[in-house]
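Student: One structure, as structure tokens, below. Some questions next.
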4 protein chains.
Amino acid sequence: MSQPEDLPAIVAQVHHDMQRHLGRGKVADYIPALARIDPRNFAISIVTCDGRTASAGLAHVPFSIQSISKVFTLTMALNRLGGALWSRVWREPSGSRFNSIVQLEQEKGIPRNPLINAGALAVTDALLAAGDVDKTIDSIRAFLRRLAGDPSIVIDEEVAESEADTGFRNASLANFLRAFDNLQSPVEDVLRVYFHQCAIRMNTRQLARAGLYLANRGVDPISLGRVTTPFKSRRINAVMMTCGHYDASGDFACRVGLPGKSGVGGGILAIAPRKASICVWSPGLNAWGNSLVGSMALQRLTALTGWSVF
Amino acid sequence: MSQPEDLPAIVAQVHHDMQRHLGRGKVADYIPALARIDPRNFAISIVTCDGRTASAGLAHVPFSIQSISKVFTLTMALNRLGGALWSRVWREPSGSRFNSIVQLEQEKGIPRNPLINAGALAVTDALLAAGDVDKTIDSIRAFLRRLAGDPSIVIDEEVAESEADTGFRNASLANFLRAFDNLQSPVEDVLRVYFHQCAIRMNTRQLARAGLYLANRGVDPISLGRVTTPFKSRRINAVMMTCGHYDASGDFACRVGLPGKSGVGGGILAIAPRKASICVWSPGLNAWGNSLVGSMALQRLTALTGWSVF
Amino acid sequence: MSQPEDLPAIVAQVHHDMQRHLGRGKVADYIPALARIDPRNFAISIVTCDGRTASAGLAHVPFSIQSISKVFTLTMALNRLGGALWSRVWREPSGSRFNSIVQLEQEKGIPRNPLINAGALAVTDALLAAGDVDKTIDSIRAFLRRLAGDPSIVIDEEVAESEADTGFRNASLANFLRAFDNLQSPVEDVLRVYFHQCAIRMNTRQLARAGLYLANRGVDPISLGRVTTPFKSRRINAVMMTCGHYDASGDFACRVGLPGKSGVGGGILAIAPRKASICVWSPGLNAWGNSLVGSMALQRLTALTGWSVF
Amino acid sequence: MSQPEDLPAIVAQVHHDMQRHLGRGKVADYIPALARIDPRNFAISIVTCDGRTASAGLAHVPFSIQSISKVFTLTMALNRLGGALWSRVWREPSGSRFNSIVQLEQEKGIPRNPLINAGALAVTDALLAAGDVDKTIDSIRAFLRRLAGDPSIVIDEEVAESEADTGFRNASLANFLRAFDNLQSPVEDVLRVYFHQCAIRMNTRQLARAGLYLANRGVDPISLGRVTTPFKSRRINAVMMTCGHYDASGDFACRVGLPGKSGVGGGILAIAPRKASICVWSPGLNAWGNSLVGSMALQRLTALTGWSVF
């Protein structure tokens, strides 16, 4: 697996090319802790399957991973349930907003995929079946600490509480799932875990590192620990490709050409299969709730590296 | 680009493994010429970027390419219009049936992507702008003859006429596009071209050969002729990945892991970027209108070759 | 049936009260013949079950009856088919725009009610089953001439042709119905009849007179001729009440309290059961495609007369 | 106001004619207290504006009024807020199920009308603004006791608690409203009041008596007390006519021709303006959640009395 790219030069180039765009987009403002983030923040980190790393910008600054957490809870749930998970959530693009409830009614409580809010709630409920609220939160944090190789990763309790105070759309989705018997735990428990997984704080280095198993068929190429099977790893990547950016997933696939998952905190995790795991961060969001400059940075990166799978 | 696979052994294996499934699925029966096809037919052909070929089954038997034609008209329209095409059709998965009109109303006449019927009609209209009906039909057929390197490719007039007689859903879509000024040519002209492009008859060898430029960044690796730019080639593959199997595109991405496009005639064209172009044919369709055994064959193929992009 | 109202004073009052509103709303401009109508035109006519009449404004000026024709074709179709008609079209409010196609897909080609475009096309097709295009057009015109007692009523061929040139939404609906076998005649025949029925020109006097049977249980109280059964007359009124103003039917019921049907030409026919038939005309439309000042005039009228059924 | 009808004979006739249908339909079974009701129960009561009463069947047996309560909370909220209420809830038929959330998303948190669940929750929230949960529940019960002239009317706490345990769809709707700032009180408070108003137990005599003001322009013709204005009374009747039976409102208008409101407990309140208030009860529901035999009984009643407003 020869990868002759001069990674530091590439990330420096991407960082440089993004300078004139910094500050674009709209920072999520539905909770105070997100609203006060400086929209000009930017970071990019790459970890390759052969162990090289490179970063530029504020790669040491943690941010709220938000929906990027859905990739990791999906991995945990697939490991636990296997294919049985797909009876509770589909793996089709939704064609709808991240928090839409329309399809949930039309499709009788089965969310379109695990990367929209409704689907992620069902996945979280699947994890909850194995323990109580605190244990489940602990297990998700522990999973990310292990993947990132960093025991210092924490949950931002202020963010978690703020989400709980304002999360009426998610409460609506969770109650709807419950009405169709697609939640087994109490709504408030599922929401509590969900709000905590979203409130995990990580920086781009940690997130790129944590996602590396998805670039290497389920095995962390550095620790050589198996995280999931090659089969599941491919499926998670496929779901990220078709569903990872809500109703802008097709556009991301066209522009970037990598499986990816965005979070409303401004992060995007992208996977270059057999090559690298990448994380970018820029808090300003586009109209679809994905990091605007982050998407541009990844587009620039794949232009420079030729890493597009297409 | 080393590709040590024993292609003949692989296609033979796939062919063998599909034997017990032949006849599954439901042959399209909305027109007589499709309804009378033997559901047990099966073929698979591969052409690699380094010029090797392998086939199994009825690879010499032509069938109606139907919606696979959308990949080629999209290429032609992108070549002609460039990015301007995206103002007339999006590139997002629709989350809906291939012939759904719901989103077209909600989104004011802009189809979700060029691989659902509404989007393909807009693409065909874009081609029509450069000539009359007969010239446009000729140019599409000529494009496929050139790509396949086979001047014997023809249009099945019986199929084209049958489509015209029963194509009320497509006529509804075309009129709807026209109502939103997203068709410039007369509805009947657009439909006439569309029904003819769908009625082109090709076998799996010809189709695999014709799609090879998409596996090689827009250049036919055998003739070395440039068909489209690398940029456009990647975008077409991305659209095939996220949208090529209608509302089962996510499932196809999970199972097969390649950009692909199905047709109601039972064919599927799949692209393994930088490796190969593949075509399978089996007339029985699944509930989403995609070849049932064809999808299984491609899933088996990527399991054997590791060609999944994920 | 004592009706001591001083009708001439009432219509004069309504006419007077509308003066300051004349010109409000937006005249339909999708065809030239409608676009050039003076938005300040206004007329009101009342015919009571005991034979009194009163008018104010331009009650002698004919206008395009447009969708008001749907009430009369519904009567004709119910007379011909009886309850069997309800297997082809429901009688529920649609909650959608007059030309929406969304429900038609969700409900497999059965329109919500006969007063939205899709439903009216199915009704027209039912009439066509009894004859050719010209005969059917003749029979509709003859029906209105007989009801209005006025053989001079004509169809505006310019309007009919303009509709045909621009009626892509209706062509889309008709093709969709056909795709679900809910049209039996050729699409172009149904559209031709439909565009002609909409292009009938009548004034408020003629329309109020023509609708009088609906205020009198199906019998014209002046000629004593039976037009339809009491049972059907009640159902037509009920459909007008719940569906006559598209997705503003509930608002019209609240404000006016009478069964009514609007047309994009600015006319509204309203029925006060057991009392009177009323027609108003003012070409400016509100956001839902109903006459803005016409609705206000009817609201004023029922306030003055107490004719609300509620 | 002469009303020569022999009411006792009429209700006896309706009662007799329904005998062979008793037991049809499906009793609501989502909570035990409703599921165990005998589906063969039947009652009908009429109270006329001139003070006559007649009943047949189990008119003394109380049942859960469920959604019929929406008529009375709507009256209370209109009395308190006047037209300002219509900025929080529309008055259009929804064309959707009683508990649908689709339109609520499409229309940004404004329910279509006050007689579907989402709208009723907004109405209840409007009442809650004037007091705490217990006071609001008390005020609703007191309103019904006063209208029915019967201080013995109670709330079935078992039903209220069961609703709370299973009301996930309603919790989903309430959270959705809250997400769009169309609930001001806490979700759990609004739900608590709502589940209690639905759990009020009344018999057909009491309900017919309670609704009489709607037949008499807002004044109780027996006590001569004003309950609401004539203007508001007409609007409530209009909303009942167009929206009182969910997505079967059009059918009810056609068959019965009276404003009406059904409840999942099997009751229907119907208003014959200027004539009478009627309540029927039969627990078996049709596919739209309305009493099957109750609807038939009202259709028979209006056929016998000619009370249809159409």
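Every number here is computed from the coordinates shown, using simple stated rules; none is lab data. Model, not experiment: these values are computed from the prediction. We place every Cβ from the backbone using ideal geometry, glycine too, and count neighbours over all the protein chains shown.
Student: Which semi-axes, in whole Å and largest first, does the equivalent ellipsoid of chain C have when worked out from the alpha carbon gyration tensor as the square roots of 5 times its eigenvalues?
Tutor: Ellipsoid semi-axes (Å, largest first): 28, 21, 18.
Student: Could you state the number of Å between the C-alpha centres of region A:64-108 and region D:194-234?
Tutor: Taking the Cα centre of each part, region D:194-234 and region A:64-108 sit 48 Å apart.
Student: Please turn the phi angles of region B:214-229 into ³J(HN,Hα) values with the Karplus equation 6.51 cos²θ - 1.76 cosθ + 1.60 (θ = phi - 60°), one per residue in order, whole Hz, x for glycine and proline.
Tutor: 6, 8, 10, 6, x, 10, 5, x, 8, 7, 6, x, 7, 9, 7, 6
Student: Let me ask something else. To the nearest 20 Debye, how big is the dipole of region D:67-198 about its Cα centre, given +1 on the beta carbon of each Lys and Arg and -1 on that of each Asp and Glu? Before the final figure, lay out the partial values.
Tutor: Values: 14 positive and 17 negative charges, 128 e Å.
Its charge dipole is roughly 620 debye.
Student: Next question, about the same structure. Which angle between 0 and 90 degrees, to the nearest 10, do you get for helix B:187-198 versus the longest principal axis of chain B when only C-alpha atoms count?
Tutor: Helix B:187-198 and the main axis of chain B meet at about 10 degrees.
Student: How do C:Ser94, A:Ser152 rank when sorted from fewest to most other Cβ atoms within 10 Å of their own Cβ?
Tutor: Ascending number of Cβ neighbours within 10 Å: A:Ser152, C:Ser94.
Student: Could you order peptides C:114-120, C:45-51 by the average number of other Cβ atoms within 10 Å of their residues, highest first?
Tutor: Per-residue Cβ counts within 10 Å, averaged per peptide and sorted highest first, yield C:114-120, C:45-51.
Student: What gaps in nm, shortest first, separate B:Asp181 from its twins in the other copies when you place the label 7 Å past Cα toward the beta carbon?
Tutor: 3.5, 4.0, 5.3
Student: Kindly express, to the nearest 10 degrees and within the range 0 to 90, the angle between helix C:133-148's C-alpha long axis and the longest C-alpha principal axis of chain C.
Tutor: Tilt relative to chain C: about 20 degrees.
Student: With unit charges on the beta carbon (Lys/Arg positive, Asp/Glu negative), name the residue among A:Val159, A:Gly250, A:Thr305 whose Cα is farthest towards the positive pole of the charge dipole of chain A.
Tutor: Highest projection toward the positive end goes to A:Thr305.
Student: Moving on to the next point. Step by step: find N for the protein assembly as shown, compute 2.2 N^0.38 Å, then divide the Cα radius of gyration by it. What's the final number?
Tutor: Working: Rg = 33.2 Å, N = 1240, 2.2 N^0.38 = 33.0 Å.
Here the answer is 1.01, to two decimals.
Student: Let me ask you something else. Could you work out the local net charge near A:Pro39, counting Lys and Arg as +1, Asp and Glu as -1, over the other residues with Cβ closer than 15 Å to its Cβ?
Tutor: +3
Student: Then there's this: Where the label is 7 Å out from Cα toward Cβ, how close does C:Phe231 come to the same position in every other copy, in nm, shortest first?
Tutor: Nearest to farthest, the other copies are at 4.2, 6.3, 7.0 nm.
Student: Taking the convex hull of the alpha carbon atoms in region B:67-198, what volume per residue do you get, in Å³?
Tutor: 96 Å³
Student: Something else about it: Show me the ranking of peptides C:249-256, D:57-64, B:86-93 by mean Cβ neighbours inside 10 Å, starting with the highest.
Tutor: C:249-256, B:86-93, D:57-64
Student: Quick one: putting +1 on the C-beta of Lys and Arg, -1 on the C-beta of Asp and Glu, what dipole do you get for the protein assembly as shown around its Cα centre, in Debye to the nearest 20?
Tutor: 0 debye
Student: What does the charge add up to near B:Ala276, with Lys and Arg as +1, Asp and Glu as -1, over the other residues with Cβ less than 10 Å from its Cβ? Show your work: numbers first, answer last.
Tutor: Values: positive: B:Arg52, B:Arg274, B:Lys275; negative: B:Glu5, B:Asp50.
Spelling it out: positives minus negatives among the neighbours equals +1.
Student: Pick from B:Gly289, B:Gly266, B:Gly244 the residue whose mean-square fluctuation is largest in a GNM of chain B, springs joining Cα atoms under 10 Å.
Tutor: B:Gly289
Student: Running a GNM on chain D with Cα contacts under 10 Å, which residue among D:Tyr246, D:Tyr194, D:Tyr30 ends up with the highest mean-square fluctuation?
Tutor: Per the Cα network of chain D with a 10 Å cutoff, D:Tyr30 tops the list.
Student: Could you work out the mean count of beta carbons from other protein chains within 10 Å of each residue's beta carbon in B:246-252?
Tutor: Going residue by residue through B:246-252 and averaging, the value is 5.
Student: Is there a quick way to get the dipole size of chain A? I mean about its Cα centre, with the Cβ of Lys and Arg at +1 and of Asp and Glu at -1; what is the value in debye to the nearest 20?
Tutor: Rounded to the nearest 20 debye, it is 900 debye.
Student: I'd like the mean, over residues of B:174-181, of how many other protein chain beta carbons sit within 10 Å of each residue's own Cβ.
Tutor: 5
Student: Kindly put A:Ile268, C:Ile37 in sequence by how many other C-beta atoms sit within 10 Å of each C-beta, fewest to most.
Tutor: The order, fewest Cβ neighbours first, is C:Ile37, A:Ile268.
Student: On to the next question. Sorting D:Leu207, D:Leu214, D:Leu22, C:Leu224 on the 10 Å Cβ count, fewest up front, what's the list?
Tutor: Numbers: D:Leu207 34, D:Leu214 28, D:Leu22 17, C:Leu224 8.
Placing the least packed residue first, the sequence is C:Leu224, D:Leu22, D:Leu214, D:Leu207.
Student: While we're looking at this one, here's another question. List the lysines whose alpha-carbon lies under 21 Å from that of D:Lys232, not counting same-chain residues fewer than 8 positions away?
Tutor: Result set, ordered by chain and number: D:Lys70, D:Lys261, D:Lys275.
Student: Placing +1 on the Cβ of each Lys and Arg and -1 on the Cβ of each Asp and Glu in region A:1-52, which of A:Ser45, A:Ala12, A:Ala35 has its Cα farthest towards the positive end of the resulting dipole?
Tutor: Working it through, the farthest residue towards the positive pole turns out to be A:Ala35.
Student: Okay, moving on. How far is helix C:69-81 tilted off the main Cα axis of chain C, in degrees rounded to 10, range 0 to 90?
Tutor: It is inclined by approximately 60 degrees.
Student: Inside 10 Å of the C-beta atoms of C:269-278, what's the mean count of C-beta atoms belonging to other chains?
Tutor: 1
Student: For every other residue with a beta carbon closer than 15 angstrom to the beta carbon of A:Leu22, add +1 if it is Lys or Arg and -1 if Asp or Glu, then tell me the sum.
Tutor: +3
Student: Hey, what number do you get for chain C at 222 nm if only DSSP H runs of n ≥ 4 count, each worth -39500 (n - 2.57), divided across all residues, to the nearest 500?
Tutor: Mean residue ellipticity at 222 nm (helix-derived): -13500 deg cm²/dmol.
Student: Would you look at the GNM of chain B, springs on alpha carbons closer than 10 Å, and say which of B:Pro259, B:Pro221, B:Pro283 moves the most?
Tutor: B:Pro221
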